[in-house]
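See structure below.
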Amino acid sequence: MARNRPASGQVRIIAGQWRSRRLPIHDLEGLRPTTDRVRETLFNWLASDLPGARVLDCFGGSGALCFEALSRYAKYAKVFELQASAAKQLKQNLATLKCDCADVVQGDTLAQLKTPPTEGFDIIFIDPPFRKGLAQACIDGLIAQCWLNDDALVYVETESEHPPLRLPSNWIPLKEKKAGQVTFRLFQVEKPEENQ
């Protein structure tokens, strides 16, 4: 009798309360889970900021980033995912983990960002499908509708040939690395100075 295999693949949680857990993911067009190597670097950068943080994952995909953040004791995560089957899988994986401190919203990220949140976010992941111009549009939406708490940390992952991002002066670059065809960066959004 053939053993059941995942229809697509798996994502592995690196550390935290769900360390080494493997969760199924669908093989969908444009789905490009952040590699273990990049995730390990990113979450080393974020280690002291995750506990108790409110996290927004703008392009959920496999859930690799939001699950890692929740495993490391983020307080809450909201996840946007366009594709219905991927969103369903994210919800199933949260149920498998018995996690009730996350919400998956199925729909277009840029449309979701047009409505201001009831409460802002401390850590934001922007890891969109490549070569569709989504990173800049997502950043613009986050700023326009005040999705970012003071001193929020924003992670942006793009293809290495992506043109320079247009960012406000209060977005301070903290880290930047390249891994293969991917460039990933971490910014801190400083609170704008109030007019005297």
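The values are calculated or read from the model by the stated rules, or taken from the named source; none is laboratory data. Small disclaimer: the values here were computed from a predicted structure and weren't measured. Positions of Cβ are generated from backbone atoms using ideal geometry, with glycine treated the same way; all protein chains shown enter the neighbour counts. For accessibility, only protein heavy atoms count, side chains too; no ligands or nucleic acids. Shrake-Rupley method; radii C 1.70, N 1.55, O 1.52, S 1.80 Å.
For the set PHE121, PHE130, solvent exposure ranked by accessible area (probe 1.4 Å, protein chains only) runs largest to smallest as PHE130, PHE121.
Classify the range 75-159 from the C-alpha gyration tensor, please: rounded if a/c falls under 1.5, else prolate or oblate depending on whether a/b exceeds b/c. Write down the numbers at each step before the final one.
On the way: a/c = 1.75, a/b = 1.25, b/c = 1.40.
Cα axes put the range 75-159 in the oblate bin.
Projected label points at THR96 and THR118, each 7 Å from Cα along the beta carbon direction, are separated by 3.0 nanometres. In this simple spin-label model, placing a label point 7 Å from the Cα along the Cα-to-Cβ direction at both LYS178 and LYS88 gives a separation of 4.1 nm. Compared with the dominant principal axis of the Cα atoms in the chain, helix 84-96 is inclined by about 80°. List the aspartates and glutamates whose Cα lies under 13 Å from the Cα of LYS91, skipping any in the same chain that are fewer than 8 positions away. Excluding near neighbours in sequence, the set is GLU81, ASP100, ASP103. Taken as Cα centroids, the range 40-54 and the range 96-139 sit 18 Å apart, rounded to the nearest whole angstrom. Among the GluC sites (Glu not before Pro) found in the range 56-136, those both in a DSSP coil and sparsely packed, with 12 or fewer other Cβ atoms within 10 Å of their Cβ, are GLU119. Taking Cα atoms only, the orientation of helix 36-46 departs from the longest principal axis of the chain by about 40 degrees. When DSSP beta bridges are restricted to pairs lying wholly in the chain, around 55% turn out antiparallel. How would the range 12-106 be classified by its alpha-carbon gyration tensor: rounded, prolate or oblate, with rounded meaning a/c under 1.5 and the a/b versus b/c comparison settling the rest? The shape class here is prolate. Simple spin-label estimate for ALA111 and SER48 gives 4.2 nm between the two label positions (7 Å along the Cα-to-Cβ direction from each Cα).
Heavy atoms only, probe 1.4 Å: what % of the accessible area of the range 22-147 goes to carbon and sulfur, would you let me know? Could the numbers behind the result be given before it?
Values: 2790 of 5590 Å².
Carbon and sulfur together cover 50 percent of it.
Measuring nothing but how far apart in sequence close Cα pairs (under 8 Å, 6+ apart) lie, relative to its length, the chain scores a relative contact order of 16 percent.
Straight Cα distances below 25 angstrom link LYS98 to the lysines LYS75, LYS78, LYS88, with same-chain residues fewer than 8 positions distant left out.
Normalised per residue, the accessible area of the chain is 54 Å², obtained with a 1.4 Å probe and no contribution from ligands, DNA or RNA.
I need the shape label for the range 22-174. Rule: rounded when a/c is under 1.5, else prolate if a/b > b/c, else oblate, with a, b, c from the alpha carbon gyration tensor.
Details: a/c = 1.32, a/b = 1.19, b/c = 1.11.
Because its axes are fairly even, with a/c under 1.5, the range 22-174 counts as rounded.
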